[in-house]
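Q: The structure under discussion is supplied below as structure tokens; questions concerning it will follow.
The values are calculated or read from the model by the stated rules, or taken from the named source; none is laboratory data. As the structure is a computational prediction, the values presented were derived from the model and not from experiment. Note: ideal-geometry Cβ built from the backbone for every residue, glycine included; neighbour counts use all protein chains shown. SASA here: full protein model, heavy atoms, side chains in, ligands and nucleic acids out. Shrake-Rupley method; radii C 1.70, N 1.55, O 1.52, S 1.80 Å.
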Amino acid sequence: MRQDWEPEDLIEVWTLLEDDMKKVRNKSGATRLGFALLLKFFEVEARFPESAKEMPAAAVEYVAQQVKVPAGAWADYDWQGDRIKRHRKEIREAYGFRANTEEDQERLAEWLAAELCPVELSRDRLAAAVVARCRNDHIEPPAPGRVGRLVGKAVKDFDA
């Protein structure tokens, strides 16, 4: 996720629409802000941030104004508890996605080794293909580090 956002880009990408506002209405404080930020991040990236630091500061400020919660409340959002798990599930469902499984990752590695590794040498492009395939199949992509390991496994399997 890029960190520098121009005001017009913030408005275009991070504005909460009517349906988004309906989803945050029953939440308050840090929970409201955290959910709204995760919702918009997922809309852009088709995945969730790995940590609070991945969220652009300008987006935090902009979304905080919209949900009427101080931007500093983002630091209080619980990244470990059941609440974030519920939020992620709710957001996935809102966008028609499901969490990826070990079986999904195994199938992706097999697909890469059989179909893309013979014609593509760039690991970055292979990783981008994994993310694109997941989005197309409405599966939440693995975290970026996991995608890298998956690509490595596929390249190793192809070489063998």
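Q: At 222 nm, what value in deg cm²/dmol follows for the chain if DSSP H runs of at least 4 each add -39500 (n - 2.57) and the sum is divided by all its residues, to the nearest 500?
A: It comes out at -19000 deg cm²/dmol, rounded to the nearest 500.
Q: Run the accessible area of segment 1-92 with a 1.4 Å probe and give the carbon-and-sulfur part as a rounded percent.
A: 48 percent
Q: Report the label-to-label distance for SER122 and GLU45 in nanometres (one decimal), using points 7 Å from each Cα along the Cα→Cβ vector.
A: Distance between label points: 2.1 nm.
Q: Separate question: Taking the chain as the reference, fit the longest principal axis to its C-alpha atoms, fit the long axis of helix 123-136 to the helix C-alpha atoms, and give the angle between the two in degrees, 0 to 90, nearest 10.
A: Value to nearest ten degrees: 60.
Q: Distance in nm between label sites at ASN136 and PHE158, each 7 Å beyond Cα in the beta-carbon direction?
A: Going from the ASN136 label point to the PHE158 one covers 1.5 nm.
Q: Let me ask you something else. Of LYS27/LYS53; LYS68/LYS89; LYS22/LYS53; LYS40/LYS68; LYS53/LYS89; LYS23/LYS85, which ones are farther than 19 Å apart at the Cα?
A: Working: LYS27/LYS53 22 Å; LYS68/LYS89 24 Å; LYS22/LYS53 26 Å; LYS40/LYS68 16 Å; LYS53/LYS89 21 Å; LYS23/LYS85 16 Å.
Result: LYS27/LYS53; LYS68/LYS89; LYS22/LYS53; LYS53/LYS89 exceed 19 Å.
Q: Relative to the present Cα-Cα distance, how much length would full extension add between GLU93 and ASN26 at 0.36 nm per residue of separation?
A: Taking GLU93 through ASN26 to full extension adds about 22.4 nm, to one decimal.
Q: May I ask for the angle, rounded to the nearest 10°, between helix 102-111 and the longest principal axis of the chain, with both axes built from Cα atoms and the value confined to 0 to 90°?
A: 50 degrees
Q: Next question, about the same structure. With everything on Cα atoms, drop me the angle between helix 29-45 and the longest principal axis of the chain, reported from 0 to 90° to the nearest 10.
A: 40 degrees
Q: Tell me, what is the per residue accessible area of segment 86-160 in Å², probe radius 1.4 Å?
A: Values: 4510 Å² over 75 residues.
For segment 86-160, the solvent-accessible area averages 60 Å² per residue.
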